[in-house]
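*Asks:* Here it is: the structure, laid out below.
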């Protein structure tokens, strides 16, 4: 078998349609409705997102990771000394199962850490009434190119209002995007105030971007 020949490990019908976990050589990929979603090749931008949020959040607080993915964000949160506990919200049961199975070696079985709580839920309906020191959103492909239509709400005004209400005073919001989104950055600035934009070069195409803001001045 060629290292570059994909091998399908699992295929399920999830909340957002068909999800496929496949292995390509030593790496894993997740495909949603036939569109590439994420893989285990790098994860630098996901780690940057969490590290930037954790460095600015109240010490010892609870950090929320919206979207489990392949576990890079969760691992980074557990490794940061300012983070007390981590809550992961992931609506796809298959993604949670994969992270407890074939993907657990990617992040050192992070879901088994006693500091982690994992909620199988849609973030939009689960979040109201809860508050966190930091919110790290790695949902879909970011503001401008969502594989699942319903995820786009998170990046609109109503979604930003929901996120603001879920932050403690001086709580930090970090949002990952597959590309720069000037319109989303403007909405963030209008709702929260100053926004930091952290570009992350990738091997091919436009840089990933992490947006950082919070309740209060940066």
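Each reported figure results from applying straightforward, stated rules to the coordinates on display, with no laboratory input. All figures in this text were calculated on a predicted structure; none of them were measured in a lab. Positions of Cβ are generated from backbone atoms using ideal geometry, with glycine treated the same way; all protein chains shown enter the neighbour counts.
*Asks:* Can residue 50 be described as crowded, with 23+ Cβ neighbours inside 10 Å and under 30 Å from residue 171 (Cα atoms)?
*Replies:* Details: crowded, with 23+ Cβ neighbours inside 10 Å: yes; under 30 Å from residue 171 (Cα atoms): yes.
So residue 50 fits the description; yes.
*Asks:* If I ask for residues that are closer than 25 Å to residue 36 by Cβ and without any contact (Cβ under 8 Å) to a residue 24 or more places away in the chain, which ones from segment 169-202 would you list?
*Replies:* Matches in segment 169-202: 182, 197, 199, 201.
*Asks:* Taking residue 124 as meeting all but one of (1) within 27 Å of residue 27 (Cβ to Cβ); (2) in contact with a helix residue (DSSP H, G or I) (Cβ under 7 Å, 6 or more places away or on another chain); (3) surrounded by fewer than 23 Cβ atoms within 10 Å (Cβ to Cβ), write down the number of the exception.
*Replies:* Against the list (1) within 27 Å of residue 27 (Cβ to Cβ); (2) in contact with a helix residue (DSSP H, G or I) (Cβ under 7 Å, 6 or more places away or on another chain); (3) surrounded by fewer than 23 Cβ atoms within 10 Å (Cβ to Cβ), residue 124 comes up short only on (1).
*Asks:* Kindly establish whether residue 70 is assigned to a loop (DSSP other than H, G, I, E, B), closer than 21 Å to residue 41 by Cβ and either touching a strand residue (DSSP E or B) at 6+ places or on another chain (Cβ under 9 Å) or without any contact (Cβ under 8 Å) to a residue 60 or more places away in the chain (or both). Give the steps one after another, and end with the answer.
*Replies:* Values: assigned to a loop (DSSP other than H, G, I, E, B): yes; closer than 21 Å to residue 41 by Cβ: yes; either touching a strand residue (DSSP E or B) at 6+ places or on another chain (Cβ under 9 Å) or without any contact (Cβ under 8 Å) to a residue 60 or more places away in the chain (or both): yes.
Yes.
*Asks:* Let me confirm something: among 90, 85, which residue is within 27 Å of residue 154 (Cα to Cα), surrounded by 15 or more Cβ atoms within 10 Å (Cβ to Cβ) and within 13 Å of the chain's Cα centre (by Cα)?
*Replies:* Only one candidate passes the filter, namely 90.
*Asks:* Name the strands (runs of 3 or more DSSP E) wholly within segment 5-57 that hold at least 2 residues that are under 16 Å from residue 74 (Cα atoms) and without any contact (Cβ under 8 Å) to a residue 60 or more places away in the chain?
*Replies:* On the way: elements: 7-14, 17-24, 27-32, 35-39.
Because the criterion is at least 2 residues that are under 16 Å from residue 74 (Cα atoms) and without any contact (Cβ under 8 Å) to a residue 60 or more places away in the chain, the strands (runs of 3 or more DSSP E) in segment 5-57 that meet it are 35-39.
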